[in-house]
1. Please turn the phi angles of segment A:179-184 into ³J(HN,Hα) values with the Karplus equation 6.51 cos²θ - 1.76 cosθ + 1.60 (θ = phi - 60°), one per residue in order, whole Hz, x for glycine and proline.
2. Can you report the principal axis dimensions of chain A using only the alpha carbons, biggest first, rounded to whole angstrom?
3. Among B:ALA131, B:ALA185, B:ALA144, which one moves the most in a GNM of chain B with springs linking Cα atoms closer than 10 Å?
4. Ignore the peptide's own chain and count Cβ atoms of other chains within 10 Å of each Cβ in A:212-219; give me the average, rounded.
5. Can you list the residues, at least 5 places off or on another chain, whose amide H is less than 5 Å from the amide H of A:THR148, using H built in the peptide plane?
6. What net charge do the residues around B:GLY148 carry, taking every other residue with its C-beta under 15 Å from that of B:GLY148, with Lys and Arg at +1 and Asp and Glu at -1?
7. If R₀ is 30 angstrom, what is the calculated FRET efficiency for the pair A:LEU386 and A:ASN304, using the beta carbon separation as r and rounding to 0.05?
8. So which aspartates and glutamates pass the test for A:LYS377, namely a Cα distance under 17 Å, with those fewer than 8 places away in the same chain ruled out?
Amino acid sequence: MVRLARAILSGVLGASLSLAPAWAETGVTDHEIVIGAFGVLTGPTYDYGKVVFDGAETIYNEVNAAGGVNGRKIRYVREDDQCKADAAVPAVRKLIYEDKVFMINGGACSNAALAAMPEIVRADIPWVITDATAPQLTDPATPNIVTTFQVGWMETAAQLQRALELGGKKIAIVRQHDAWAASRYQPLLDAMAKRGIKAVADEEVAPDVADTTAVALRLQAAGADSVLLLLFPQAATVLMRDMYKIGYKPLVIGGSPLGEVSEMQHAIGIPGATDRFEGLAPTKSLDDPAVQKYRPLLNKYFPNAELTPWHLLGIASAQFVVAALKQVGPDVTRAKLATVLSTMSLSPDVYAGPIKCTPTDHQCYRTVAWYGMVDGKMKQVGVTTLP
Amino acid sequence: MVALGLVVVYRSTGHINFAHGELLMIGSFLAYSFITQFHIAYVAALVLAVVLSLLLGAATDRFVYRRLARSHDTTLVLATVGLSFLLKGVSRFLWGGRGEYLTIPPIIDPAPIFVFGIPVLAQQLVILAAAIVIMLGCLVFFRATLAGKTMQAVAENPLAAYLAGIRVEQVRTWTWGAGAAIAGAAGVLIAPLSLLTPDMGFSLLIKAFAATVLGGLGSVPGAIVGGFSVGLIESLAGGYISSSLQDVSAFIIIMIVLTVRPSGLFGAYRLRRA
């Protein structure tokens, strides 16, 4: 009798387990998937967080309007980490334990993302990084974590490769003295050392410098034929202007903050001043038709926003997440998503190349596009894909 | 020129205005709006921005600083720091969301020209000329006009000025306004050569402070000489020693002057005269 009761009970339990809903996973119901984002939403650096997440939310809203992913709508929950490590941990804890998100699609500032990482790893939650660039987040590859943006070392490696491709022999570096440039400076020196190259000049300026004539003269005196810039637009614009002023026109290769070459040309205002300048961008140009279509979509949900490259990072990342969720199918679990992410490949229409993850490489985006001024218009002049 | 605005306020109120850089920034953004959004000519934009800056400066005194006049000096200084953050926030609210920086097109042919064999941008010369005119105007204002002398009187001895029938509070209000107007003018002048960001004011304030300390706190000629000297020292240090030194030159100047000659280049003369 007892044996029969046990058999019936185990049968009922087994049946109930086999009939358990596919959404028996935190952050997933039969009609909703909750995705969290943490990043800087307020303050001077809000571009890295809020603006990127606006781009992501535009995609999620459009997916929802089209019926969702396998019938489930996506709810995108944001937490502000103010770009600070000490604010990132409580922000992520709130997402995980109060908002009970299924996964995270965010992470903007590297220091904050690094601080939040142990918490996310402990909770075993899939995390698709939008734009935090610290390589330690994805190297060595952690099963649940992938990034859809370039990591720190890639940019400078691409800059060096481009200078060499274009015939650079005497290479100089101009960097601004802040943490952003410092994080790229050593990887650049390492990349140069690997190729047996020593910079003929290594100059440092303030990010908001107003006059760089002295630096331009030093570069000229060193005989540099190529200059790699680790600068934001303010300093780069002033330097380009001052180099042109003294009649010194080396090949100049800028990083991602200088991708909008037409804006720099506009700021300098001297025709021809950027003729030998190329700026790097992970994304297509804002004028590209593939990108243009996102202007009205963005304004549909964020009426006062003006499309920027930062939005594109969020758009690409969210497209990647949506494609991965679709691939997982209706029976959504974190384990399945992590498996899919590890082999996922997608070519977002706003990026210059594909996002391609492998089980051993979770730094999934390695393509940069080069932009320059051609006949007075900004055009893509090349592409570099890093190994 | 930024240093000049600092000195004007300091002479009359005895306070360093730590929001001075942000007042300059507001001047630049106003010029941006007038020129690129309302398509107003550069000179008209300059005048409008100066007038609005003057009113803004006067309003900050009327509604904030005057109420703190009887508080400890530190309170007022902190109020200027607070105002600087407020102005940055306001500028982000009004002009944010259009990329990381804004630009103003060149006011004249931007191609470089050669002066005694030295390449300079014609724009820089125009701006230099405008700055010299404004600075000379300030010198004349303080030395030859009743309003200027009234401001000096309030600065030297507010009680005596009050007993002489000067409306001290009103004079101080317009002094804060004059300082802001000079900052606004500097902002408009620098705008075509710079990129506009809400954070652009701080480093200019530091350099202006170095120029003011070097020239002697409260000295108008000192501010002018100090400003040129700081620029020259920065360029020479950056060119002949190391580019890393260019940006820290201002801080080094402040430290050396405060240690060796706290009264600055022109401060001693003024002290003797007093």
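1. 5, 4, 5, 4, 5, 9
2. 98, 43, 35
3. B:ALA144
4. That works out to 5 on average.
5. So A:THR148 has HN proximity to A:ILE129.
6. Values: positive: B:ARG11, B:ARG143, B:LYS149, B:ARG172; negative: B:GLU156.
Here the count lands on +3.
7. Numbers: r = 37 Å, r/R0 = 1.22.
The value I calculate is 0.25.
8. In chain and number order, the partners are A:GLU260, A:GLU263, A:ASP275, A:GLU278, A:ASP287, A:ASP288.
We did not get these values from a lab; they are worked out from the coordinates using the rules stated. A quick note: this is a predicted structure, and the numbers were derived from the prediction, not measured. Glycine gets a Cβ as well: all are built from the backbone with ideal geometry, and neighbour counts include every protein chain shown.
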